[in-house]
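A short reminder: the numbers here are calculations on the coordinates, not readings from a lab. Given the structure is predicted, the values throughout are model-derived calculations rather than measurements. Counting neighbours? That spans all protein chains shown, and the Cβs are built from the backbone with ideal geometry, glycine included.
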Amino acid sequence: MGNGVYRRSFLKTAAVAATGALAAPRLSLAADARTLRFIPQANLANLDPIWTTQYVVRNGALLIWDMLYGVNDQLAPQPQMVEGHQVSADFKTWTFTLRPGLKFHDGEPVLAKDVVASINRWMFRDATMGLVIKRQTDALEAVDDRTFRFRLNKPYPKMLFALGKSSTPSLFIMPERIAATDPFKQISEYVGSGPMRFKKDEWIPGAKAIFEKFDGYSPRAEKANWLSGGKRINFDRIEWQIVPDAATAAAALQNNEVDWWETPSSDLVPLLRKNPNVAVDIADPLGNIGSFRINHLHPPFNDVRARRAIQIALSQEDYMGAVAGDDQALWKTIPGFFTPDTPLYTENGGEPLKGKRDYELAKTLLAEAGYKGEPIVLLVATDVAITKAQGDVTADLLKRIGMNVDYQALDWGTVGQRRAKKEKPSEGGWNIFHTWHAGADCVNPAPYIALDSSGDTAWFGWPKSDLVQQKIGAWYEAPDLAAEKTAIAELNKAAMDHVVYVPTGFFKGYQAWRKNVSGVVKAPFPVFWDVTKA
Amino acid sequence: MLSYIARRVAATIPVVLLVALFVFSLLYLAPGEPAAIIAGDQATPADVDRIRASLGLDRPFLIRFGDWFWHILQGDLGTSIFTNLPVSHMIAQRIEPTVSLMCLTLILSLSCAIPMGVIAAWKHGTWIDRTVMMTAVLGFSTPVFVIGYVLAYVFALRLDWLPVQGFTSISEGLIPFLRNLILPAVALGLVYMALIARITRATMLDVLAQDYVRTAKAKGVGQRGVLFVHALKNAAVPIVTIVGIGFAALIGGAVVTESVFAIPGLGRLTVDAILRRDYPVIQGVVLMFSFVYVLVNLGVDLLYTVFDPRIRY
């Protein structure tokens with residue numbers, strides 16, 4: 001009898017357990033529809049969008065914090081937290097009024113003093129526009145709870161674009177106590193007024209980040225369009241799952257363990273396309289521009305002739321084929337610095353990048369520049385597919401034009417450190433490294449840190465050209481689109497002539513999602529509002 | 001015995017501290033630094049310098065080491081440069097997945113490997129022996145990530161029996177916990193199983209040739225008794241030694257397995273920290289692993305006394 005009792009008891013327990021396991025899928029269907037599972041482009045290791053300029057942090061921040069203005073798909077800034085603004089005829093006094101009823105996640109109202117503190121913190125870190133505005137600001141003050149004002153000593157017509165730009169660091173509005181944090185130290189509280197709260201208690205850095213719907217958010221009435229309009233979230237939870245292995249991420253998407261993958265690698269896209277439950281499309285129409293970054297401080301590339309040698313020998317087809325493969329929908333050659341298919345795109349001055357490549361002329365130019373076979377230090381981050389591909393093509397290119405290549409295979413962390421060194425290449429410095437720039441950051445000179453040619457204070461490579469700086473200034477002062485186009489055309493030529501850097505081509509990437517998810521749009525960042533799941 | 005244990009535990013402290021000094025020095029000398037990664041690509045060189053200074057990374061080696069060491073003595077592993085979270089908190093978040101994976105791997109691999117090795121030794125020279133050894137060679141020579149991909153493809157994508165990735169805590173149910181861990185445990189365990197099976201077979205062959213085994217058979221002890229009571233017990237010491245040494249390989253394999261199956265364990269935490277140069281996390285995790293490894297070896301030494309009564313401390 002004893003054994004029979006135990007056997008019956010065991011069977012009963014097993015039946016209950018099995019039933020529970022089987023029942024779980026049905027019960028979780030309703031819950032699943034309210035949870036969006038997303039694989040982001042990189043690990044979300046921190047959440048301070050001012051302290052770091054990483055795009056993945058900005059993308060997470062877009063859920064937690066709102067912005068004064070948000071760009072639409074034409075990159076035109078539209079009021080978001082702001083109800084309206086007034087600007088003086090001389091563009092020196094800007095007065096903004098906040099929308100009523102804006103609340104932070106802790107229930108506190110969003111006040112003008114919070115905005116002032118947030119702007120101050122952002123200005124300190126934004127080298128492209130924020131610092132420029134800061135230098136031109138006589139006063140930034142909260143006039144009352146909903147109104148704040150800039151008083152500038154110099155006109156700044158691009159103010160709205162600055163306040164709403166999506167290039168990092170973007171301006172996010174935080175409570176004053178958080179925005180008071182030193183801009184070079186991380187915030188420790190993630191309280192915003194955006195459509196979602198960050199669940200810090202469930203955050204496992206490197207593994208998952210959870211965002212929960214904020215019921216106190218009041219979206220604008222307009223239809224959403226990128227960062228403008230009403231940000232309506234149709235989920236209770238958005239789970240960011242960090243999946244470091246691309247093959248695993250592809251399998252997880254096919255197996256319905258995740259809903260949306262921000263950056264599938266292009267070699268896995270054909271596999272995903274075969275799955276009837278998975279949709280694949282271009283992620284960001286503004287794409288990216290590959291960069292052959294040159295050190296202007298040391299020979300041979302301190303001589304413009306040596307830089308032009310690279311320009312006339314470099315084949316953008318080779319680079320883009322290595323980066324994006326055979327899929328011609330993903331890349332194009334661009335004899336310019338600005339993002340194609342945008343209002344300011346120009347090819348003025350881009351002749352050196354067009355037509356047949358001329359290795360002999362390149363060799364001649366190198367000889368004229370005094371190159372005598374010294375090793376060219378090429379830093380290649382081999383742990384990043386895009387930079388590895390570009391680096392390999394460059395090594396081949398340099399050899400074809402008779403240069404002695406010192407190919408240094410490193411990881412991105414080491415490249416990040418080495419590229420900051422101004423020492424000679426033979427003393428730990430460098431001659432060339434590769435990276436790429438988001439197309440959204442290359443639509444005009446404002447966020448385009450890589451075009452700055454101010455010399456010692458410029459971005460890595462330290463190009464110096466007074467003409468380029470003059471043309472950048474001309475764009476800032478351009479009163480209308482026609483004037484901007486003229487300024488950009490001249491800037492493009494000046495930057496080409498000086499070979500600030502060499503663009504290696506324009507390329508896009510894919511995104512993939514389950515077909516029961518709808519509302520996924522093409523944008524430079526994942527747009528979660530208006531996305532639904534059946 | 002207790003005093004022996006106390007002495008061994010006390011002896012781990014200088015070992016662990018030496019490891020800490022070694023790792024700290026290596027990190028200091030290694031190229032790359034976190035400031036550039038933190039700043040991101042859009043930051044200026046001046047920004048990177050300011051961040052480096054704010055993190056104290058421009059201080060001399062001795063000051064940095066002294067500061068860190070002083071905190072260690074107070075039980076403070078420091079704060080992650082990137083996440084601003086305490087290192088101990090980050091480790092605590094990741095312990096359950098890694099311990100779960102390693103325990104399940106150990107259970108699966110030992111429960112398969114030891115019988116396999118015993119049977120191979122018992123049937124030495126037959127097709128059974130050769131099959132077992134071939135399986136062991138395959139398990140040993142196939143990279144963990146390849147096994148992982150194949151398992152995920154077959155059992156998750158094609159058969160839809162198990163999930164591809166992720167981890168479910170045991171507190172959320174035994175079935176979901178096992179469903180997430182079975183494939184990674186098998187992938188990781190195959191290598192371990194191969195190693196232990198081979199050692200078990202080799203040691204058993206040696207023991208089965210001993211006089212006392214012949215005597216046991218002559219006394220009429222059944223085959224099971226000979227193998228598992230007389231022979232295996234005497235073969236246990238080298239097997240336990242290999243299990244202990246292989247633990248280090250298991251930790252290394254866990255890194256790959258956790259990446260392939262997206263398990264939020266300590267292995268991935270370590271890799272992420274190394275790639276980002278998150279020094280406090282690297283140092284904290286290495287300290288912890290070295291302490292655990294020393295304790296594992298102590299456990300192995302103590303187990304000897306269980307299997308061989310002649311060994312006494």
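Values for this structure:
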| read-out | value |
| --- | --- |
| Within chain B, longest stretch free of exposed trypsin sites (Lys or Arg not before Pro) [DSSP loop, at most 12 other beta carbons within 10 Å] | B:1-218 |
| Cα centre as origin, Lys/Arg/Asp/Glu Cβ charges: the stretch B:191-313 dipole, Debye | 500 |
| Summed side-chain charge close to A:PRO524 - residues other than A:PRO524 whose Cβ falls under 15 Å, Lys, Arg +1, Asp, Glu -1 | -3 |
| Computed log₁₀ I(q)/I(0) - Debye formula, equal Cα scatterers, no solvent, the stretch B:214-279, q 0.19, 0.20, 0.23 Å⁻¹ | -0.77, -0.81, -0.92 |
| Nearest-20 debye value, the stretch A:375-504 charge dipole, Cβ charges on Lys, Arg, Asp, Glu | 340 |
| Pairwise centroid distance, computed over Cα atoms, of the stretch A:306-327 with the stretch B:127-199, Å | 44 |
| Normalised contact order of chain A, rounded percent, pairs of Cα under 8 Å and 6 or more residues apart | 18 |
| Within a Gaussian network of chain B (alpha carbon springs, distance under 10 Å), most fluctuating of B:MET133, B:MET102, B:MET116 | B:MET133 |
| Computed over the stretch A:367-426, Kirkwood Rh from alpha-carbon pairs, angstrom | 12.3 |
| Rounded, prolate or oblate (a/c below 1.5 giving rounded, otherwise prolate when a/b exceeds b/c) for the stretch A:389-534 by Cα gyration tensor | oblate |
| Degrees, to the nearest 10: B:127-141 long Cα axis against longest axis of chain B | 10 |
| GNM flexibility winner over chain B from B:PRO97, B:PRO176, B:PRO60 (Cα, springs under 10 Å) | B:PRO60 |
| Order of B:CYS112, B:CYS103, A:CYS442 - criterion: other Cβ atoms within 10 Å of each residue's Cβ, fewest first | B:CYS103, B:CYS112, A:CYS442 |
| Candidates per trypsin sites (Lys or Arg not before Pro) in the stretch A:189-293, loop by DSSP, up to 12 other Cβ within 10 Å | A:LYS223 |
| Rounded to the nearest 20 debye, dipole of chain A from Cβ charges on Lys, Arg, Asp, Glu | 940 |
| Most mobile listed residue (B:LEU77, B:LEU295, B:LEU57) in chain B, GNM with C-alpha springs under 10 Å | B:LEU57 |
| Å³ per residue enclosed by the Cα convex hull of the protein assembly as shown | 205 |
| Degrees, to the nearest 10: B:2-29 long Cα axis against longest axis of chain B | 50 |
| Across A:LYS223/A:LYS508; A:LYS356/A:LYS424; A:LYS388/A:LYS508; A:LYS134/A:LYS165; A:LYS354/A:LYS464; A:LYS424/A:LYS485, pairs whose alpha-carbon gap is larger than 28 Å | A:LYS356/A:LYS424; A:LYS424/A:LYS485 |
| Local electrostatic count, A:ALA329, Cβ distance below 11 Å [Lys/Arg +1, Asp/Glu -1] | -1 |
| Rounded to 10°, Cα long-axis angle of helix B:87-122 versus longest principal axis of chain B | 20 |
| Farthest positive-ward along the stretch A:34-93 dipole, Cα basis, beta-carbon charges - from A:VAL87, A:GLY70, A:LEU44 | A:LEU44 |
